[in-house]
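Remarks on the structure that follows.
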């Protein structure tokens with residue numbers, strides 16, 4: 001992965017409305033200072049990998065692969081697929097057959 005391909009998404013609380021409204025935003029260097037001061041922010045890093053539909057896979061994404069649902073996590077220096085508390089599966093193993101079905105923040109997607 002080239003250094004220019006490092007990207008993040010931020011999940012943050014809407015301060016203007018003072019409501020617990022979460023939104024995804026692609027983060028660039030201009031956003032970093034602004035978002036660092038937001039309450040309840042969560043940063044999600046791009047894995048450098050894509051699903052079968054060529055969508056970027058980020059930490060926190062939920063993937064469907066082999067009839068199971070996995071959460072993308074970053075653990076011990078590697079991106080892994082977490083399922084039933086087990087994170088022994090490296091994420092690259094299920095690429096390109098997996099499909100993003102949501103994120104861990106989606107209330108309508110069940111693990």
- Task: Name all residues of the range 39-67 having a backbone nitrogen under 13 Å from the label point set 7 Å from the Cα of residue 106 along its Cα→Cβ direction, giving them as ranges.
- Result: 58, 60-65
- Task: Give me the number: length gained by fully extending residue 56 to residue 6, i.e. 0.36 nm times residue separation minus the C-alpha to C-alpha distance, one decimal in nm.
- Result: 16.9 nm
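Where a number appears in this text, it was derived from the coordinates with a stated rule and is not lab data. Predicted model, so just to flag it, every value in this text is computed and none were measured. Counting neighbours? That spans all protein chains shown, and the Cβs are built from the backbone with ideal geometry, glycine included.
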